[in-house]
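Every number here is computed from the coordinates shown, using simple stated rules; none is lab data. Values in this document were obtained by computation on a predicted structure and should not be read as measured data. Neighbour counts are summed over all protein chains in view; Cβ atoms, including those assigned to glycine, are modelled from backbone coordinates with ideal geometry.
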Amino acid sequence: MSILQFTEIVLNDENEPIVMADGKYLCHVVDANGETDTIGIEPDIVNSIVNLQSPCPENSSETEVELPEPDEDKKDEREEWSDEQTRYILDKYYEYLAEVGPLKKFRLKKNMWAQIAKEINEKYNSCKTATKIENRYKTVMKRKKKVVDNNSTSGAKRVKVDFEDELKKITSIDDSIEPEILQDQSNIVKKESSIKSPIEKSSQKKDTMVSFLKKSSDEKKKQREAHHREKEENRERRHREKLQLLKELFKNE
């Protein structure tokens, strides 16, 4: 039986593990001859390998990989993240989001997550990786979406959104977040958002362009009319001057 060494999980374009039809994670491995192969490995086994390889980001040279949580309501998940730590992540995300981009403090979002991981580890004497921080944020957002979907269903019991105050602050500056659907007491669905859909944006651009062209056309029309009036006034002035000159000539004769 050949021995294979696990190297990394294969990720898709969204930086998420690729799950095979049988539920296994697609992984890269190296055999005894140093040749790389791709095989499917059970999630529990992959989790154990990753946890052994990456006890802490500062002391690990392996590729940092975080698997999606199979059950978001697992007890160990609630124990791993306190409400205080989660609020700290959300507050830092709100603080740093505007500083992500070219020529800014964080060129990419992954740099921002790394900074938040560094700060939270120093503050709470923990050992969180940047990927764990990002996944915790995504978990909170997924749970929020489920609650919002539930609350928008007629007749459903209203559920409170966890970390609602922190998430409202983030929603106010992050256009990538889907607007909330809320229900009032009369079960009328309302959409609270200043974010316009692509169709609305396109329509707005079209209206703006039409308004601009109309204004430009009106200005050109006014210029033509003014130029025409000036020409007529000059023609009439020259005509009067010519008549006056003829009168003076006849008078002298």
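Take the Cβ-Cβ distance between L4 and R143 as r, set R0 to 35 Å, and report the resulting FRET efficiency rounded to the nearest 0.05. Please report the intermediate quantities before stating the final value.
Details: r = 37 Å, r/R0 = 1.05.
The value I calculate is 0.45.
How large is the Kirkwood hydrodynamic radius of segment 208-253, counting all unique pairs of alpha carbons, in Å?
Numbers: mean 1/r = 0.0746 Å⁻¹.
13.4 Å is the Kirkwood radius here.
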Length gained when the stretch N125-D165 is fully extended (0.36 nm per residue, less Cα-Cα span): 11.8 nm
Those residues of segment 228-242 whose amide nitrogen sits under 14 Å from the label point placed on K251, 7 Å along Cα→Cβ: 241-242
Segment R240-N33, extension gain: residue separation times 0.36 nm, minus the distance between their alpha carbons: 63.8 nm
